[in-house]
Amino acid sequence: MKNLCALTVTSLLTAATSATLAWEKIVVMEKGQNVSAVGADYNGDGRIDVITSYGGRVSLFLAPDWTEVVLHRLPKLNATCIHSETMDIDGDGDMDWIGSEAHGKPFWLENPGDGSGAWAARIIDHDIRGIHCLLKADVDNDGKDDLIINNFEPEGILADSIAWFRVPPQPHKAERWERHLFADKDARGGSHYFGFGDIDGDGWGEIAVGAKGAPFEDGNWFAYWKNPGAEAVTKPWKKNLLAANQLAATNILPGDLNGDGKVDFLASRGHSRGVIWLEAPGWKIREIDPEMKSPHSLVLADLNGDGHLDGAACGYESKVVAWYGNDGKGNFTRHVLDANQESYDLRAIDMDGDGDLDLLNAGRASANVVWYRNPLND
């Protein structure tokens, strides 16, 4: 009992530390508008580097001095990738990169392993042309990451649809990845960002998304598609509406937010206002931050080390970066980290290797990439 009490006191102290001490803002680059950034050790030196795209290029910024290495040139001079992901696609032990322009084809860049450029580019799919989100997840439970991609625009072969893709056996030679369409034209309304997790406890991960609506029809909703399990390739996935009339819905992430053993959702209306959570099993909407304007980026992670899932968001309109401490019962306390930073993409990553999760932020009109150092383990 004495050890248990000591652990409880330690958890309370670390949670208080993370809430009360300032999170240091560290600038990676201030070179141009970018809307997605990912972090990993790309050159094998044990440090977390950053890849983003801006000004018609995809660039790697090497820690600790953030030296820029141009990896790839995009077709248009001022183009940028709307979203990105990082995963070891070819199984060679280093992290590759995936991205796409909003109206382009998804492609991946092969990491040569030493952080040098240029990285060879290869197409993933030739038919998707309206991408907004890329997410890696083990959809088919084979122990390997797959990739989820949407076609959020109402045009083209895959209009208003979402698919998951298996990495082909020989990705260096494949003309395209193996595509499995699970939301076939029933993701109308400008689908935005995915959440992946086992909602019903059957061991198979479901895929959730928010749809923003205008200028697209039939949006303003949150929903998830039920994974049919071992027949995920051949059987239809059923769409389940979580919430309607959610103006400009964008982000939705699954997790048990109130400690009752059921999977809830953290969500945001990223093109209007508000960070919310949806309580299982009835999906009652509970407001966390109704005043946050355009919280287009969202994180769900234990940020203060107390064992409970917290939230974080950045509003590209409000310019506020905030994290929301969860008491384990679904009650959230707002902590502002920055009041002068835009964002389209926010990630929880241990940037400095000290064992806690920091926040990596891709600035939009603030034209930068920054990260916020979590003071938890100071």
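Data for the structure
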item: From LYS31, LYS76, residue being at pLDDT below 95 and part of a loop (DSSP other than H, G, I, E, B); result: LYS76
item: Selection count where residues are open to solvent by less than 10 Å² (accessible area, probe 1.4 Å) and more than 19 Å from ASP264 (Cα to Cα), scope region 313-323; result: 4
item: Residues located in region 354-378, provided they are under 15 Å from HIS335 (Cβ atoms) and open to solvent by 20 Å² or more (accessible area, probe 1.4 Å); result: LEU357, ARG373, LEU376
item: Test: SER161 is at pLDDT 95 or above, more than 16 Å from the chain's Cα centre (by Cα) and of a type in the set (Ser, Thr, Tyr); result: yes
item: Restricting region 6-20 to residues that are exposed (fewer than 13 other Cβ atoms within 10 Å of the Cβ) and hydrophobic (A, V, I, L, M, F, W, C), the residue that is modelled with the highest pLDDT; result: LEU12
item: Entirely in region 119-224, the strands (runs of 3 or more DSSP E) that have 3 or more residues that are touching a Phe, Trp or Tyr at 6+ places or on another chain (Cβ under 6 Å) and buried (at least 18 other Cβ atoms within 10 Å of the Cβ); result: 146-151, 206-211
item: Selected residue (criterion: farthest from HIS335 (Cα to Cα)) from residues of region 300-323 that are more than 18 Å from the chain's Cα centre (by Cα) and of a type in the set (Asp, Glu); result: GLU317
item: Boolean, TRP204 is more than 27 Å from VAL35 (Cβ to Cβ) and in contact (Cβ under 8 Å) with a residue 40 or more places away in the chain; result: yes
item: Selection status of ASP310, open to solvent by less than 50 Å² (accessible area, probe 1.4 Å) and in contact with an Asp or Glu (Cβ under 7 Å, 6 or more places away or on another chain); result: yes
item: Region 86-98 residues that are farther than 15 Å from LEU147 by Cβ, paired with ones that are of a type in the set (D, E, K, R) and part of a loop (DSSP other than H, G, I, E, B) (beta carbon under 7 Å, 6 or more apart); result: ASP94/ASP88
item: Within region 241-265, tally of residues that are touching an Asp or Glu at 6+ places or on another chain (Cβ under 9 Å) and touching a residue at least 24 places away in the same chain (Cβ under 8 Å); result: 8
item: Qualifying residue in region 324-337 (condition: of a type outside the set (S, T, N, Q), modelled with pLDDT of 95 or more, within 18 Å of GLU30 (Cα to Cα) and crowded, with 22+ Cβ neighbours inside 10 Å); result: no
item: Criterion violated by GLU342 - all others in (1) acidic (Asp, Glu); (2) open to solvent by 30 Å² or more (accessible area, probe 1.4 Å); (3) free of Cβ contacts under 8 Å to residues at least 40 places away in the same chain; (4) closer than 23 Å to PHE61 by Cβ satisfied; result: (2)
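The values are calculated or read from the model by the stated rules, or taken from the named source; none is laboratory data. For clarity, every value in this text was computed on a predicted model and none was experimentally measured. So basically every Cβ, Gly included, is an ideal-geometry build from the backbone, and we count neighbours across all protein chains shown. In case anyone asks, the SASA skips ligands and DNA or RNA and just uses the protein heavy atoms, side chains included. Shrake-Rupley method; radii C 1.70, N 1.55, O 1.52, S 1.80 Å.
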